[in-house]
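The values are calculated or read from the model by the stated rules, or taken from the named source; none is laboratory data. Values in this document were obtained by computation on a predicted structure and should not be read as measured data. We place every Cβ from the backbone using ideal geometry, glycine too, and count neighbours over all the protein chains shown. Just so you know, the surface numbers come from the protein's heavy atoms only, side chains and all, with ligands and any DNA or RNA stripped out. Shrake-Rupley method; radii C 1.70, N 1.55, O 1.52, S 1.80 Å.
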Amino acid sequence: MPEVKMHAIKVLAFDVFGTLVDWRTSIAREAAAVFARAGRDDIDPAGFADAWRGLYQPAMEAVRSGKRPFTRLDVLNRETLDVLLARHEVVLDDAAAADFAFAWRRLDPWPDTVAGLARLRGRYPVVTLSNGNIALTMEIARRSGMVFDAILGAEAVQAFKPTPESYLRTADLLGIAPGQLCLGAAHHSDLAAARKCGLQCAYIDRPMEYGGALAPDAHMAQDWEWSAASLVELAETMGG
(Lines give C-alpha, C1' and ligand atoms only; values in the text may rest on other atoms or scores of the structure.)
Protein backbone atom coordinates (compact mmCIF):
# COMPACT_ATOMS: atom_id res chain seq x y z
CA MET A 1 0.00 0.00 0.00
CA PRO A 2 1.41 3.44 -0.85
CA GLU A 3 3.09 4.92 2.22
CA VAL A 4 1.60 8.35 1.55
CA LYS A 5 -1.92 7.02 2.21
CA MET A 6 -0.89 5.53 5.55
CA HIS A 7 0.66 8.81 6.67
CA ALA A 8 -2.45 10.72 5.56
CA ILE A 9 -4.73 8.86 7.98
CA LYS A 10 -5.43 10.77 11.18
CA VAL A 11 -8.27 8.63 12.63
CA LEU A 12 -9.68 5.14 12.17
CA ALA A 13 -13.47 4.82 12.42
CA PHE A 14 -15.17 1.45 12.68
CA ASP A 15 -18.56 0.12 11.85
CA VAL A 16 -19.78 -2.01 14.75
CA PHE A 17 -22.58 -4.45 13.83
CA GLY A 18 -21.06 -7.32 11.89
CA THR A 19 -17.63 -5.72 11.74
CA LEU A 20 -16.69 -5.73 15.43
CA VAL A 21 -19.48 -7.86 16.89
CA ASP A 22 -21.26 -11.06 15.89
CA TRP A 23 -24.86 -9.86 15.96
CA ARG A 24 -26.41 -13.01 14.45
CA THR A 25 -25.08 -15.53 16.98
CA SER A 26 -25.69 -13.15 19.88
CA ILE A 27 -29.28 -12.32 18.93
CA ALA A 28 -30.08 -15.96 18.17
CA ARG A 29 -28.85 -16.95 21.63
CA GLU A 30 -31.07 -14.38 23.32
CA ALA A 31 -34.02 -15.27 21.11
CA ALA A 32 -33.65 -18.94 21.98
CA ALA A 33 -33.85 -18.11 25.69
CA VAL A 34 -36.92 -15.92 25.22
CA PHE A 35 -38.75 -18.49 23.13
CA ALA A 36 -37.87 -21.30 25.54
CA ARG A 37 -39.46 -19.34 28.40
CA ALA A 38 -42.50 -18.72 26.20
CA GLY A 39 -42.78 -22.40 25.28
CA ARG A 40 -42.23 -21.65 21.58
CA ASP A 41 -39.72 -24.17 20.32
CA ASP A 42 -41.25 -23.86 16.85
CA ILE A 43 -39.46 -20.56 16.15
CA ASP A 44 -35.97 -20.76 14.68
CA PRO A 45 -33.77 -18.36 16.72
CA ALA A 46 -31.26 -17.80 13.91
CA GLY A 47 -34.06 -17.16 11.44
CA PHE A 48 -35.58 -14.70 13.90
CA ALA A 49 -32.23 -12.91 14.19
CA ASP A 50 -32.02 -12.66 10.39
CA ALA A 51 -35.58 -11.35 10.17
CA TRP A 52 -34.92 -8.75 12.86
CA ARG A 53 -31.81 -7.59 11.08
CA GLY A 54 -33.82 -7.53 7.87
CA LEU A 55 -36.06 -4.80 9.32
CA TYR A 56 -33.03 -2.69 10.26
CA GLN A 57 -32.60 -0.82 6.98
CA PRO A 58 -36.32 -0.19 6.32
CA ALA A 59 -36.68 1.30 9.81
CA MET A 60 -33.77 3.67 9.25
CA GLU A 61 -34.95 4.56 5.77
CA ALA A 62 -37.95 6.35 7.25
CA VAL A 63 -35.47 8.66 8.99
CA ARG A 64 -33.13 8.98 6.02
CA SER A 65 -36.04 9.90 3.73
CA GLY A 66 -37.29 12.57 6.14
CA LYS A 67 -40.57 10.78 6.89
CA ARG A 68 -39.75 10.90 10.60
CA PRO A 69 -37.23 12.85 12.68
CA PHE A 70 -33.97 11.27 13.77
CA THR A 71 -34.75 8.34 16.05
CA ARG A 72 -32.24 6.36 18.08
CA LEU A 73 -31.57 2.80 17.00
CA ASP A 74 -32.63 1.54 20.44
CA VAL A 75 -36.12 2.85 19.66
CA LEU A 76 -36.16 1.41 16.16
CA ASN A 77 -35.02 -1.97 17.50
CA ARG A 78 -37.94 -2.05 19.93
CA GLU A 79 -40.40 -1.09 17.19
CA THR A 80 -39.14 -3.77 14.80
CA LEU A 81 -39.11 -6.34 17.59
CA ASP A 82 -42.77 -5.64 18.29
CA VAL A 83 -43.52 -6.25 14.60
CA LEU A 84 -41.77 -9.62 14.67
CA LEU A 85 -43.29 -10.73 17.96
CA ALA A 86 -46.75 -9.97 16.60
CA ARG A 87 -45.94 -11.82 13.39
CA HIS A 88 -45.00 -14.92 15.40
CA GLU A 89 -47.83 -14.41 17.90
CA VAL A 90 -45.43 -14.20 20.83
CA VAL A 91 -46.78 -12.18 23.75
CA LEU A 92 -44.28 -10.61 26.17
CA ASP A 93 -44.94 -8.12 28.92
CA ASP A 94 -43.42 -4.68 28.46
CA ALA A 95 -40.43 -5.34 30.71
CA ALA A 96 -39.56 -8.58 28.93
CA ALA A 97 -39.95 -6.98 25.50
CA ALA A 98 -37.79 -4.02 26.53
CA ASP A 99 -35.08 -6.36 27.79
CA PHE A 100 -35.25 -8.41 24.59
CA ALA A 101 -34.92 -5.25 22.50
CA PHE A 102 -31.78 -4.42 24.47
CA ALA A 103 -30.24 -7.68 23.27
CA TRP A 104 -28.56 -5.45 20.68
CA ARG A 105 -26.59 -3.93 23.55
CA ARG A 106 -25.28 -7.36 24.55
CA LEU A 107 -23.60 -8.47 21.33
CA ASP A 108 -20.40 -10.49 21.58
CA PRO A 109 -17.24 -9.34 19.78
CA TRP A 110 -15.55 -11.46 17.15
CA PRO A 111 -12.55 -13.30 18.66
CA ASP A 112 -9.99 -10.92 17.10
CA THR A 113 -11.80 -7.65 17.81
CA VAL A 114 -10.51 -6.61 21.23
CA ALA A 115 -6.87 -7.43 20.53
CA GLY A 116 -7.01 -5.96 17.04
CA LEU A 117 -8.51 -2.67 18.20
CA ALA A 118 -5.90 -2.39 20.95
CA ARG A 119 -3.10 -2.79 18.44
CA LEU A 120 -4.63 -0.28 16.05
CA ARG A 121 -5.09 2.25 18.88
CA GLY A 122 -1.35 2.05 19.44
CA ARG A 123 -0.92 3.84 16.12
CA TYR A 124 -4.15 5.75 15.49
CA PRO A 125 -7.05 7.26 17.43
CA VAL A 126 -9.97 4.85 17.02
CA VAL A 127 -13.65 5.85 17.04
CA THR A 128 -16.94 4.24 16.12
CA LEU A 129 -18.91 5.19 13.03
CA SER A 130 -21.99 3.08 13.56
CA ASN A 131 -25.72 3.44 13.21
CA GLY A 132 -25.96 2.44 16.85
CA ASN A 133 -26.80 5.18 19.33
CA ILE A 134 -24.33 6.26 21.99
CA ALA A 135 -25.77 4.37 24.97
CA LEU A 136 -26.12 1.18 22.91
CA THR A 137 -22.57 1.33 21.58
CA MET A 138 -21.13 2.30 24.95
CA GLU A 139 -22.71 -0.73 26.60
CA ILE A 140 -21.44 -3.07 23.88
CA ALA A 141 -17.94 -1.65 24.32
CA ARG A 142 -17.89 -1.88 28.12
CA ARG A 143 -19.33 -5.37 28.15
CA SER A 144 -16.87 -6.72 25.60
CA GLY A 145 -13.74 -4.82 26.60
CA MET A 146 -13.48 -2.81 23.39
CA VAL A 147 -11.76 0.54 23.96
CA PHE A 148 -12.39 3.58 21.76
CA ASP A 149 -11.10 7.12 21.85
CA ALA A 150 -14.64 8.34 21.14
CA ILE A 151 -18.04 6.84 20.49
CA LEU A 152 -19.45 8.62 17.48
CA GLY A 153 -21.85 7.57 14.76
CA ALA A 154 -25.47 8.21 13.87
CA GLU A 155 -26.63 9.88 17.06
CA ALA A 156 -23.62 12.20 17.21
CA VAL A 157 -24.16 13.42 13.65
CA GLN A 158 -27.95 12.94 13.52
CA ALA A 159 -27.74 10.90 10.33
CA PHE A 160 -27.77 7.20 9.48
CA LYS A 161 -25.32 5.57 7.13
CA PRO A 162 -25.00 5.42 4.20
CA THR A 163 -26.03 9.07 3.79
CA PRO A 164 -23.10 11.38 2.97
CA GLU A 165 -23.81 13.38 6.13
CA SER A 166 -22.98 10.40 8.33
CA TYR A 167 -19.42 10.26 7.03
CA LEU A 168 -18.73 13.93 6.37
CA ARG A 169 -20.10 15.16 9.70
CA THR A 170 -17.99 12.56 11.50
CA ALA A 171 -14.83 13.87 9.85
CA ASP A 172 -15.93 17.41 10.70
CA LEU A 173 -16.46 16.50 14.37
CA LEU A 174 -12.93 15.12 14.42
CA GLY A 175 -11.56 18.28 12.82
CA ILE A 176 -10.03 16.44 9.88
CA ALA A 177 -10.55 16.22 6.14
CA PRO A 178 -12.59 13.25 4.87
CA GLY A 179 -9.49 11.79 3.25
CA GLN A 180 -7.76 11.69 6.63
CA LEU A 181 -10.48 9.40 8.01
CA CYS A 182 -10.37 5.68 7.30
CA LEU A 183 -13.51 3.60 7.73
CA GLY A 184 -13.11 -0.02 8.74
CA ALA A 185 -16.11 -2.17 7.89
CA ALA A 186 -17.19 -5.65 6.86
CA HIS A 187 -19.76 -4.24 4.43
CA HIS A 188 -18.89 -3.23 0.88
CA SER A 189 -21.98 -1.02 0.69
CA ASP A 190 -20.84 1.00 3.71
CA LEU A 191 -17.33 1.35 2.33
CA ALA A 192 -18.60 2.32 -1.12
CA ALA A 193 -20.66 5.15 0.36
CA ALA A 194 -17.72 6.29 2.49
CA ARG A 195 -15.39 6.26 -0.51
CA LYS A 196 -17.79 8.51 -2.44
CA CYS A 197 -17.36 11.02 0.39
CA GLY A 198 -13.57 10.86 0.14
CA LEU A 199 -12.82 8.54 3.05
CA GLN A 200 -10.20 5.83 2.87
CA CYS A 201 -11.49 2.30 3.35
CA ALA A 202 -10.40 -0.86 5.15
CA TYR A 203 -12.36 -4.03 4.52
CA ILE A 204 -12.49 -6.71 7.23
CA ASP A 205 -13.84 -10.02 5.99
CA ARG A 206 -16.51 -11.56 8.22
CA PRO A 207 -17.68 -14.66 6.33
CA MET A 208 -19.85 -15.85 9.24
CA GLU A 209 -21.80 -12.62 9.73
CA TYR A 210 -24.78 -14.18 7.95
CA GLY A 211 -24.10 -17.71 9.17
CA GLY A 212 -21.93 -18.50 6.17
CA ALA A 213 -24.40 -17.19 3.61
CA LEU A 214 -23.20 -14.72 0.99
CA ALA A 215 -23.44 -11.12 2.17
CA PRO A 216 -26.20 -9.16 0.39
CA ASP A 217 -23.71 -6.51 -0.73
CA ALA A 218 -20.96 -8.87 -1.90
CA HIS A 219 -21.43 -7.60 -5.46
CA MET A 220 -20.33 -4.13 -4.33
CA ALA A 221 -16.76 -5.18 -3.57
CA GLN A 222 -14.02 -2.84 -4.78
CA ASP A 223 -10.25 -2.59 -4.53
CA TRP A 224 -10.17 -1.04 -1.07
CA GLU A 225 -7.09 0.67 0.34
CA TRP A 226 -6.77 -2.16 2.85
CA SER A 227 -8.30 -5.60 3.10
CA ALA A 228 -7.82 -8.12 5.91
CA ALA A 229 -9.30 -11.30 7.33
CA SER A 230 -9.26 -9.93 10.90
CA LEU A 231 -8.53 -6.78 12.87
CA VAL A 232 -5.25 -8.28 14.02
CA GLU A 233 -4.24 -8.80 10.40
CA LEU A 234 -5.36 -5.26 9.60
CA ALA A 235 -3.19 -3.93 12.43
CA GLU A 236 -0.20 -5.85 11.09
CA THR A 237 -0.83 -4.52 7.59
CA MET A 238 -1.13 -0.94 8.83
CA GLY A 239 1.97 -1.20 10.97
CA GLY A 240 0.23 -1.49 14.34
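General remarks:
- Restricting region 36-83 to residues that are in a helix (DSSP H, G or I) and β-branched (V, I, T) leaves a set whose member that is farthest from the chain's Cα centre (by Cα) is V83.
- Tally, over region 115-132, of residues that are open to solvent by less than 10 Å² (accessible area, probe 1.4 Å) and assigned to a helix (DSSP H, G or I): 3
- Complete set of residues in region 56-86 that are in contact (Cβ under 8 Å) with a residue 24 or more places away in the chain and open to solvent by 40 Å² or more (accessible area, probe 1.4 Å): R64, F70, R72, V83
Quick grid of which residues meet (1) open to solvent by 20 Å² or more (accessible area, probe 1.4 Å); (2) free of Cβ contacts under 8 Å to residues at least 60 places away in the same chain; (3) touching a helix residue (DSSP H, G or I) at 6+ places or on another chain (Cβ under 8 Å):
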residue: V16; (1), (2), (3): no, no, yes
residue: S26; (1), (2), (3): no, no, yes
residue: R29; (1), (2), (3): yes, yes, yes
residue: A36; (1), (2), (3): yes, yes, no
residue: D41; (1), (2), (3): yes, yes, yes
residue: P45; (1), (2), (3): yes, yes, yes
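- Restricting region 159-208 to residues that are of a type in the set (F, W, Y) and either open to solvent by less than 30 Å² (accessible area, probe 1.4 Å) or modelled with pLDDT under 95 (or both), the residue that is nearest to the chain's Cα centre (by Cα): F160
- When L174, L129, L92 are checked against the criterion of being over 22 Å from A186 (Cα atoms) and in contact with a strand residue (DSSP E or B) (Cβ under 8 Å, 6 or more places away or on another chain), a single residue qualifies: L174.
- Selection over region 212-237 of residues that are loosely packed, with under 14 Cβ neighbours inside 10 Å and within 19 Å of Q57 (Cα to Cα) gives a count of 5.
- In region 87-105, residue nearest to A28 (Cα to Cα) [restricted to those that are in a loop (DSSP other than H, G, I, E, B) and open to solvent by 40 Å² or more (accessible area, probe 1.4 Å)]: H88
- Condition met for E139 (crowded, with 20+ Cβ neighbours inside 10 Å, assigned to a helix (DSSP H, G or I) and of a type in the set (D, E, K, R)): no
- Residue list for region 93-141, filter: of a type in the set (S, T, Y) and under 21 Å from Q200 (Cα atoms): T113, Y124, T128, S130
- Applying the condition of being touching a strand residue (DSSP E or B) at 6+ places or on another chain (Cβ under 7 Å) and not hydroxyl-bearing (S, T, Y) to region 142-158 and asking which residue is surrounded by the most Cβ atoms within 10 Å (Cβ to Cβ) yields G153.
- Matching option when the condition is surrounded by fewer than 21 Cβ atoms within 10 Å (Cβ to Cβ), in contact with a Leu (Cβ under 6 Å, 6 or more places away or on another chain) and closer than 25 Å to V126 by Cα, among D112, D108: D112
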